[in-house]
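Here's the structure we're looking at; comments come further down.
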Amino acid sequence: MVIPNIVGAGLIVIGAGLGIGKIGGSAMDAIARQPEASGKIQTAMLIAAALIEGIGFAAIFAS
């Protein structure tokens, strides 16, 4: 049935968006507290965001 798959894909996209938003917000807080570590924080943030995107795409294609 098509409707449950669409609902599942929507929930996946919402979850991935919330996760990436939380990572970005936390990274900005961390950079504000320790500006000298901004390079390391940004690198870790981008890696985590890419992993979340990958899991989101895999879940959408699996549904």
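The values are calculated or read from the model by the stated rules, or taken from the named source; none is laboratory data. The shown structure was predicted, so the numbers you read here are calculated from the model rather than taken from an experiment. Note: ideal-geometry Cβ built from the backbone for every residue, glycine included; neighbour counts use all protein chains shown. Side chains included, ligands, DNA and RNA excluded: accessible areas come from the protein's heavy atoms. Shrake-Rupley method; radii C 1.70, N 1.55, O 1.52, S 1.80 Å.
Among the candidates A48, A16, which residue alone is under 11 Å from the mean Cα position of the chain (by Cα), in contact (Cβ under 8 Å) with a residue 40 or more places away in the chain and surrounded by 14 or more Cβ atoms within 10 Å (Cβ to Cβ)?
A16
Take I31 and decide whether it is assigned to a helix (DSSP H, G or I), without any contact (Cβ under 8 Å) to a residue 40 or more places away in the chain and in contact with a Ser or Thr (Cβ under 7 Å, 6 or more places away or on another chain).
It is true that I31 is assigned to a helix (DSSP H, G or I), without any contact (Cβ under 8 Å) to a residue 40 or more places away in the chain and in contact with a Ser or Thr (Cβ under 7 Å, 6 or more places away or on another chain).
Do we find that V2 is at pLDDT below 95 and exposed (fewer than 11 other Cβ atoms within 10 Å of the Cβ) in this structure?
Yes; evaluated as a whole, the condition is true for this residue.
Limited to region 54-63, what total is found for residues that are open to solvent by less than 80 Å² (accessible area, probe 1.4 Å) and either touching a Ser or Thr at 6+ places or on another chain (Cβ under 7 Å) or in a helix (DSSP H, G or I) (or both)?
Selection size over region 54-63: 5.
When residues of region 19-43 are filtered for being open to solvent by less than 60 Å² (accessible area, probe 1.4 Å) and of a type outside the set (S, T, Y), how many remain?
Residues flagged as open to solvent by less than 60 Å² (accessible area, probe 1.4 Å) and of a type outside the set (S, T, Y) within region 19-43 amount to 12.
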